[in-house]
2 protein chains.
Amino acid sequence: MKYKAEIKIMPHAELLDPQGKTVGKNLPNIGIHEVDQVRIGKYIEMIVDADSKEEAEKIVDTSCKKLLANLIMEKYEFNIEPLS
Amino acid sequence: MKYKAEIKIMPHAELLDPQGKTVGKNLPNIGIHEVDQVRIGKYIEMIVDADSKEEAEKIVDTSCKKLLANLIMEKYEFNIEPLS
């Protein structure tokens with residue numbers, strides 16, 4: 001069965017986020033002054049072939065741990081739904 | 001009032017996604033063979049100061065159009081909730 005995984009990978013909260021800082025500093029240049037904090041990470045969509053939702057979760061979790069996220073700098077979370 | 005915006009920016013579906021392709025090709029190297037498609041984009045969190053949800057939506061929409069997303073190559077969607 002096919003499952004769709006939606007994965008968010010963000011820098012740890014206590015770490016500096018230079019990308020986010022840069023965007024935050026540039027928003028006033030386009031007339032936007034109401035934004036306090038900006039944090040930027042990765043959003044990944046994957047289609048996974050698995051026999052159950054639990055198995056799909058294991059596959060995605062391993063993918064995050066071993067390849068997609070740098071666990072020293074980043075945290076990850078994901079949501080999995082059967083592919084409609 | 002403060003609102004939290006969660007923004008997803010993805011390459012247009014019909015465009016090549018070299019990052020996604022690269023990850024897709026490397027997953028078998030870590031023993032993962034059940035993943036079909038991988039698409040990679042940006043996930044951005046912003047804290048917005050606005051008088052209403054509608055005003056917060058306008059601010060985030062303008063931020064996406066003018067700075068965060070490259071509209072030729074990318075599409076964006078966002079979700080806004082009052083900051084608890």
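The values are calculated or read from the model by the stated rules, or taken from the named source; none is laboratory data. Predicted model only: the values in this text are computed from it and were never measured. Because the Cβ atoms are built from the backbone with ideal geometry, glycine has one as well, and the counts that use them run over all protein chains shown. To get the accessible areas, we keep the full protein, side chains included, count just its heavy atoms, and leave off ligands, DNA and RNA. Shrake-Rupley method; radii C 1.70, N 1.55, O 1.52, S 1.80 Å.
A few comments on the model shown:
- Residue check, A:LYS66 of a type outside the set (Gly, Ala, Ser), within 11 Å of another protein chain (Cβ to nearest Cβ) and either on the phi > 0 side of the Ramachandran plot or open to solvent by 60 Å² or more (accessible area, probe 1.4 Å) (or both): yes
- Region B:48-74 residues that are under 20 Å from B:ASP17 (Cα atoms) and without any contact (Cβ under 8 Å) to a residue 40 or more places away in the chain, paired with ones that are among the charged types (D, E, K, R) and part of a helix (DSSP H, G or I) (beta carbon under 9 Å, 6 or more apart): B:LEU71/B:LYS65
- Conditions (1) crowded, with 19+ Cβ neighbours inside 10 Å; (2) in a strand (DSSP E or B); number of the one not met by B:LYS4: (1)
- Residues in region B:10-28 that are assigned to a helix (DSSP H, G or I), away from chain A (no Cβ under 11 Å) and closer than 18 Å to A:GLU6 by Cα: B:LYS21 alone.
- Some residue of region A:36-50 being modelled with pLDDT of 95 or more and open to solvent by 60 Å² or more (accessible area, probe 1.4 Å): yes
- Region A:14-30, residues that are open to solvent by 50 Å² or more (accessible area, probe 1.4 Å) and free of Cβ contacts under 8 Å to residues at least 24 places away in the same chain: A:GLU14, A:LEU16, A:PRO18, A:GLN19, A:LYS21, A:THR22, A:LYS25, A:ASN26, A:PRO28, A:ASN29
- Of all residues making up region A:69-78, the number that are among the acidic types (Asp, Glu) and open to solvent by 70 Å² or more (accessible area, probe 1.4 Å): 1
- Count of residues meeting criterion [in contact with a Pro (Cβ under 9 Å, 6 or more places away or on another chain) and under 15 Å from B:LYS42 (Cα atoms)] in region B:53-84: 3
- For region B:64-84, the set of residues classified as assigned to a loop (DSSP other than H, G, I, E, B), polar (S, T, N, Q) and under 22 Å from A:GLY31 (Cα atoms) consists of B:ASN70 only.
- Where A:GLU81 falls short, out of the listed (1) more than 11 Å from every other protein chain (Cβ to nearest Cβ); (2) open to solvent by less than 70 Å² (accessible area, probe 1.4 Å); (3) touching a Lys or Arg at 6+ places or on another chain (Cβ under 6 Å): (2)
- Screening B:PRO11 on (1) surrounded by fewer than 18 Cβ atoms within 10 Å (Cβ to Cβ); (2) at pLDDT below 95 shows it passes everything except condition (1).
- Selection from region A:29-63 of residues that are acidic (Asp, Glu), at the interface with chain B (Cβ under 8 Å from one of its Cβ atoms) and either under 15 Å from B:CYS64 (Cα atoms) or in a loop (DSSP other than H, G, I, E, B) (or both): A:GLU34
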